[in-house]
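What follows is calculated from the coordinates using simple rules that are stated; it is not laboratory data. Source: prediction; values computed, not measured. Note that each Cβ is placed from the backbone with ideal geometry, even for glycine, and that neighbours are counted across all protein chains shown.
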Amino acid sequence: MGERTAYRRLADPKFQAELKKASQEMFQRTAAVLSSANIGCIKTLVDLHQDVAVQPNVRRGAARDVMELTLKFRDRADLELRLAALEEHVAGIVAGVSPTGDSQDPSQPPEIRSPS
C-alpha cells in the first residue's frame, strides 16, 4: 500500500473506528493472556521459598516483571474501554442526545436524576 493510500485511510472516520476497535480488542486479549500467566508467577514466587538450588533473584525478577506487565496492560485495556464510553457520551451530548436516547437542547444543562 502506498503512503498516500495509508494517509487517506487514516483520515476516513470508518477506518479510524475499525482501527480503534481492533486496537482495543488486542489490548483486551493481551491483558487476558497476561492475567492468566499471573498464576504461574505466583507459583514461581512460592517455589522460590522451597527450591534452594535455583537462583532466587533470577526467577523472582521474571515473575515480578510478568506481574507488572499484567497490571499495566489490564489498566490500559480498562482505560481504553472507559475512554471509548466517555467519548461516546460526549458525542451524544454534542449531537443533542441524552444518555437515555432522548433528544435534548445542548444549551440546557442535563437533567440530573437521583439514584434509585
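When the listed pairs K21/K43; K21/K72; K20/K72 are checked against a 26 Å cut-off, the alpha-carbon distance exceeds it for K21/K43. The distance between label points at V58 and R8 comes to 5.5 nm (points 7 Å beyond Cα on the Cα→Cβ vector).
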